[in-house]
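*Asks:* After the structure tokens below, expect a handful of questions from me.
The values are calculated or read from the model by the stated rules, or taken from the named source; none is laboratory data. Remember, predicted model here, so these are calculated numbers, not experimental data. Cβ sites come from the backbone with ideal geometry, for glycine too, and all protein chains shown count toward neighbours.
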Number of protein chains: 2
Amino acid sequence: MVFYLIGLGLGDAEDITVKGLNTVKKCVRVYLEAYTSILSCALDKSKLEHFYGKEVIMADRELVEQRSDELLAGAEVSDVCMLVVGDPFGATTHSSLMLRARDLGIPVKVIHNASIINAVACCGLQLYSFGETVSIVMWTDSWQPDSYYDKIAANRSRGLHTLCLLDIKVKEQSVDNLLRGREIYEPPRYMSCSEAAKQLLQIAERKEKAGVQPAYSAETLCVGLARIGWKNQKIVSCSLSEMVLMDMGEPLHSLVIVGDMHPIEMDMLKAFSTCSHS
Amino acid sequence: MVFYLIGLGLGDAEDITVKGLNTVKKCVRVYLEAYTSILSCALDKSKLEHFYGKEVIMADRELVEQRSDELLAGAEVSDVCMLVVGDPFGATTHSSLMLRARDLGIPVKVIHNASIINAVACCGLQLYSFGETVSIVMWTDSWQPDSYYDKIAANRSRGLHTLCLLDIKVKEQSVDNLLRGREIYEPPRYMSCSEAAKQLLQIAERKEKAGVQPAYSAETLCVGLARIGWKNQKIVSCSLSEMVLMDMGEPLHSLVIVGDMHPIEMDMLKAFSTCSHS
């Protein structure tokens, strides 16, 4: 039979495709991958179970990456699926799982859906004018990587926009609990547009101190996107320094560093963001 | 009321989301935008009408771009929608239509779906490792633009993959018919992976003749993607010179010029393309 990877899209239970829904209904086991994104208010396990009329099993990173044989068990004789928020390839490729299925002779089929990678264009900026996507990670006192800066700089030197995916910490252990082998997990944390903007400006400041002209400044236009695809999505365009002070509300947030704009993009950005400056 | 832009996804009628389907059912008029992409065998107007149980009106470029007030008429009192293959923002932003709706005080809502921009990752290459997307246009004897070459070169210099969207000519008039004002349209034409690879190699040859080291060569690895999301989708990875000879079958085709690969990407590309070389 088939192992299906089914995209749930970005919003609520009804954002699954008709094909995806029909497939879920015929599967003997339905997993929900829930560690690379977050579910919206209308997308929690019980609401999905109610919508599908069947049990949904939570799949954490360990099950997907370390115990994939358990997840795939029986898929050679009955259909099994894993639901993924967005597109199955949006946030992560689930490569090891797909390759493992392939090794076991289980056909893999993908049912695509929207992900932030294409839905970001709802802010009015053209998908064609985006460069490489970057991930901005949460800093700690001792670990402050900034390698994504170079990618943003390379995009800006070509006039391109940069989609910044913001860090998510789900089911993380504190160093202390990790060392003591205690399976106690920290509450989930999601980086906000404000935190990302602050971090980006700190990097620019460091570059300046090192005698390098930074690729962006406090005045650079950015777009904050919160809860895209949800009923209460919020899109705000403002300068990076204004974004530091902006409350975009609940997660999930993404941030776009705007490159050169076509006049139509300016009009669209003004029309489709709550408060806009250009 | 609301003007809805509804993504149809890439495959057949069942790739619409449940939310999209419910929205179509409550709209007084349903348009189908059909000039920026093509419909698959299971996505023609009559099959959609059968699936939705209501009339679907074809919207050509002229209706969308020049007669948008006609399309939007009545949307202030009843829901109207336009269906778009892929994501509403994937192939084109429909910006003028959205801005016009905004001017008329008609709320615009978007129901996202998959587009080639994110679905391309089904070949095994990571979305994060793609640079700027380019469009490759069909050449004529007198018009052979190659500005996308610079974008591919810039992506390659950073080790990034390039998604090349291939030209579509739908409802085009011959110069003769255009000059005589005759509304006679040429049969639709779709650029193939083979044609795109050939054109890209011609550009490389010209660069070489001009004394410039081209950014790719006949040996460069590429991925041909045909009919992605359709039941008979085909993914082939091979060298550019091999792609020139490759028959990928019916449209729609896209081509990826591969940049630097992570070992996992190599494994995925091998596993998920019909014939692979790396």
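*Asks:* Within the stretch B:254-278, restricting attention to residues that are at pLDDT 95 or above and in contact with a Ser or Thr (Cβ under 8 Å, 6 or more places away or on another chain), which residue is surrounded by the fewest Cβ atoms within 10 Å (Cβ to Cβ)? Before the answer, list the steps.
*Replies:* Filtering the stretch B:254-278 for residues at pLDDT 95 or above gives B:254-261.
From the residues that got through so far, the ones that are in contact with a Ser or Thr (Cβ under 8 Å, 6 or more places away or on another chain) too are B:256-261.
On the way: B:256: 22, B:257: 25, B:258: 23, B:259: 22, B:260: 11, B:261: 19.
The extreme case among them is B:260.
*Asks:* Take the stretch A:168-186 and flag every residue that is surrounded by fewer than 16 Cβ atoms within 10 Å (Cβ to Cβ) and within 30 Å of residue A:259 (Cβ to Cβ).
*Replies:* A:169
*Asks:* Also, quick follow-up: Among the residues of the stretch A:57-64, are any touching a residue at least 40 places away in the same chain (Cβ under 8 Å) and either out of contact with any Gly (no Cβ under 6 Å at 6 or more places or on another chain) or within 25 Å of residue B:10 (Cα to Cα) (or both)?
*Replies:* Quick first cut of the stretch A:57-64, residues touching a residue at least 40 places away in the same chain (Cβ under 8 Å) only: A:60-61.
If we keep only those that are either out of contact with any Gly (no Cβ under 6 Å at 6 or more places or on another chain) or within 25 Å of residue B:10 (Cα to Cα) (or both) as well, we get A:60-61.
Taking every residue of the stretch A:57-64 in turn, at least one turns out to be touching a residue at least 40 places away in the same chain (Cβ under 8 Å) and either out of contact with any Gly (no Cβ under 6 Å at 6 or more places or on another chain) or within 25 Å of residue B:10 (Cα to Cα) (or both).
*Asks:* Based on this model, can you work out whether residue A:58 counts as more than 30 Å from residue B:85 (Cβ to Cβ), outside any loop (DSSP other than H, G, I, E, B) and more than 14 Å from chain B (Cβ to nearest Cβ)?
*Replies:* Working: more than 30 Å from residue B:85 (Cβ to Cβ): yes; outside any loop (DSSP other than H, G, I, E, B): yes; more than 14 Å from chain B (Cβ to nearest Cβ): yes.
So residue A:58 passes the test.
*Asks:* Let me ask you something else. Would you say residue B:229 is in contact (Cβ under 8 Å) with a residue 24 or more places away in the chain and either in the same structural domain as residue B:171 (by the TED database) or among the hydroxyl-bearing types (Ser, Thr, Tyr) (or both)? If you could, list the steps in order and put the result at the bottom.
*Replies:* On the way: in contact (Cβ under 8 Å) with a residue 24 or more places away in the chain: yes; either in the same structural domain as residue B:171 (by the TED database) or among the hydroxyl-bearing types (Ser, Thr, Tyr) (or both): yes.
Spelling it out, residue B:229 is indeed in contact (Cβ under 8 Å) with a residue 24 or more places away in the chain and either in the same structural domain as residue B:171 (by the TED database) or among the hydroxyl-bearing types (Ser, Thr, Tyr) (or both).
*Asks:* Here is a follow-up. Determine which member of the set A:114, A:101 is among the small types (Gly, Ala, Ser) and at the interface with chain B (Cβ under 9 Å from one of its Cβ atoms).
*Replies:* Working: A:101 fails: at the interface with chain B (Cβ under 9 Å from one of its Cβ atoms).
Criteria check complete, one pass: A:114.
*Asks:* Identify, from the list A:70, A:132, the residue that is touching a helix residue (DSSP H, G or I) at 6+ places or on another chain (Cβ under 9 Å), under 30 Å from residue B:108 (Cα atoms) and among the acidic types (Asp, Glu). Can you show your working first?
*Replies:* On the way: A:70 fails: under 30 Å from residue B:108 (Cα atoms).
Exactly one of A:70, A:132 is touching a helix residue (DSSP H, G or I) at 6+ places or on another chain (Cβ under 9 Å), under 30 Å from residue B:108 (Cα atoms) and among the acidic types (Asp, Glu), namely A:132.
*Asks:* Take residue A:174 and decide whether it is at pLDDT below 95, among the polar types (S, T, N, Q) and under 25 Å from residue A:144 (Cβ atoms). So that I can check it myself, show each step before the final result.
*Replies:* On the way: at pLDDT below 95: yes; among the polar types (S, T, N, Q): yes; under 25 Å from residue A:144 (Cβ atoms): yes.
The answer is yes for residue A:174.
*Asks:* Could I ask something else about it? Could we say that residue B:108 is over 16 Å from the mean Cα position of the chain (by Cα) and facing another protein chain (nearest Cβ under 9 Å) here? Don't jump to the end; show me each part of the working.
*Replies:* Details: over 16 Å from the mean Cα position of the chain (by Cα): yes; facing another protein chain (nearest Cβ under 9 Å): yes.
So residue B:108 fits the description; yes.
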